[in-house]
Amino acid sequence: MNKFLTALIGCASLLVGCDAPGGMPAGGKADQAPTANAHPFAITEIATFESPWAMAFLPDGRLLVTEKPGRLKLVQPGAMIGDISGVPAVDFGGQGGLGDVVLHPQFASNGLVYLSFAEKGEGDTRGAAVARGVLTLDDKGGGALSALTVIWRQVPKVSGNAHYGHRLAFDKEGKLWISSGDRAKFDPAQDMDSNIGKILRLNDDGSVPADNPFASQGGVAAQVWSLGHRNPLGLAFDAKGQPWVAEMGPKGGDELNLILRGRNYGWPKVSNGDHYDGSVIPDHDTAPQYEAPKTSWTPVIAPGDLIIYSGSEFPDWQGNAVFAGLASRSLIRVAFNGNEAREVARYDMGQRIREVEQGPAGDLWLLEDGAGARLLKLTGPSGAR
Ligand SMILES: [Ca+2]
Ligand SMILES: [Ca+2]
């Protein structure tokens, strides 16, 4: 039975998601799952938020959740939602505002929390920035950040309010990684006098590790681990410690990239998508000097976030990449064979999904996007908990 026929039968039996992206791939760029899959999980609604962007679990099982307008929330499932004061002032608008939140690897002893956000600049300019502060929780379900310090900024600040990227992740060595979007300005992604359109690797205080690939060039080039990125919104490490990035393509060409030291990923010189006005961008296979994605999507999935799953709640998913899909309103699961990647399942969620996080018990937690967005917990059918 051919794949298309299988897809039709799958749609007829499931009666869901058949109009969603994920049909036959255009241009043959990706070996994609042909249809939406039945949910292998139960969904519990935990809370709702105003335009949430990211979440992070505290060691006690509570959650920090950012809201784009500039609020940091403390969530204890089943209890009131508290506020954390002392967050930086943000430039809220378009794709900008308060962004990611992550804990320092030694949070239990130092209380350090890192936030990314859109920061206003001179005139009509803005740029992504990262600040860290010490979190102190009170006994009323809230808390405060103190000693807030901005440790990194996009250079230069530019007009517009798109493609900040600004996903944060710590690796096993305690280095801070930042995905810096191209601000919809294209060419700066290839310019080493700018740190936009790059993946960056820093020490936990924002200083530059001496062993970065472009450290000898100084300036912001010294921060750069890889270049030629468009709008990388997902950043996660696999069990071997390798960084993976989910990147929004233009019209087509969303990417999953394995991030290698000092490599150039080609934006805006190459993309498996094309410009929104229809003008052609050469595909990756025309320019092997640029690092190609391990898989790409046309039509797009619009990846908002990425984790590499390592829990026991969904044993079959261990080692898989799980994407939060915005325009595709889905969770997308990708399996690896070595470093080759392939979509194996797509779960229609009915709403734009902004963020995915693995919970302490191996369950999955999702944030929807926009007004009244829900925090959802997904648990497996295994009865393991
Ligand atoms: Ca997160
Ligand atoms: Ca193209």
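Taking only the alpha carbons of the chain, we obtain Rg and Dmax values of 20.0, 62 Å in that order.
Taking amide H positions as modeled 1.01 Å from N, with prolines and chain starts lacking one, the residues under 5 Å from ASP283 and 5 or more places away or on another chain are SER271.
A Cβ-based charge dipole, computed about the Cα centre of the chain with Lys and Arg at +1 and Asp and Glu at -1, lands at about 80 debye.
Close amide H contacts of ASN195 (hydrogens built in the peptide plane, cut-off under 5 Å, sequence separation of 5 or more or a different chain): VAL155. For the stretch 95-184, with all protein chains in place and a probe radius of 1.4 Å, 52% of the accessible heavy-atom surface sits on carbon or sulfur. Near the amide H of ILE151, within less than 5 Å, lie the amide hydrogens of VAL130, ALA131, ARG132, all on another chain or at least 5 residues away, with H placed in the peptide plane. Given R₀ = 41 Å, FRET efficiency for LEU148-SER312 by Cβ-Cβ distance, to 0.05? Between LEU148 and SER312 the formula returns 0.65. Lysine pairs in the stretch 66-190 whose alpha-carbon atoms fall under 20 angstrom of each other, counting only those eight or more residues apart or on distinct chains, come to 6. Each residue of the stretch 337-343 is assigned a 3J(HN,Hα), and the resulting list reads 10, x, 9, 7, 10, 8, 5 Hz, derived from the Karplus form 6.51 cos²θ - 1.76 cosθ + 1.60 (θ = phi - 60°), x at Gly and Pro.
Give, in nm to one decimal, the length gained when the segment between ALA327 and ASP211 is fully stretched (0.36 nm per residue of separation minus the Cα-Cα distance).
Numbers: separation 116, 0.36 × 116 = 41.76 nm, distance 3.83 nm.
Here the segment from ALA327 to ASP211 would lengthen by 37.9 nm.
The mean sequence distance of close C-alpha pairs (under 8 Å, at least 6 residues apart), as a share of the length of the chain, puts its relative contact order at 15 percent. How much of the accessible area of the stretch 191-333, probe 1.4 Å, is carbon plus sulfur, in whole percent? That share works out to 48 percent.
In this label model, LEU260 and MET192 are separated by 1.8 nm, measuring between points 7 Å along each Cα→Cβ vector. Each residue of the stretch 187-192 was assigned a 3J(HN,Hα) from its phi angle through the Karplus expression (A = 6.51, B = -1.76, C = 1.60, θ = phi - 60°), giving 4, x, 5, 9, 9, 7 Hz with x at Gly and Pro. Under the combined filter of DSSP loop state and at most 10 neighbouring Cβ atoms within 10 Å, the stretch 164-269 retains these GluC sites (Glu not before Pro): GLU173. Sorted largest first by accessible area at a 1.4 angstrom probe radius, with every protein chain in place, the residues LYS73, LYS294 fall in the order LYS294, LYS73.
For the stretch 138-295, with every protein chain kept in place, what is the accessible area per residue (1.4 Å probe, Å²)?
Details: 6030 Å² over 158 residues.
It amounts to 38 Å² per residue over the stretch 138-295.
Listed values for the stretch 75-87 are Karplus-derived 3J(HN,Hα) couplings in whole Hz (6.51 cos²θ - 1.76 cosθ + 1.60, θ = phi - 60°), namely 10, 10, x, x, 10, 4, 8, x, 10, 10, 8, x, 6, and x replaces Gly and Pro.
The values are calculated or read from the model by the stated rules, or taken from the named source; none is laboratory data. These numbers come from a predicted model, not from an experiment. A quick note on method: Cβ atoms are made from the backbone with ideal geometry, for glycine too, and the neighbour counts reach across all protein chains shown. Side chains are part of the model used for accessible areas, which takes the heavy atoms of the whole protein and leaves out ligands, DNA and RNA. Shrake-Rupley method; radii C 1.70, N 1.55, O 1.52, S 1.80 Å.
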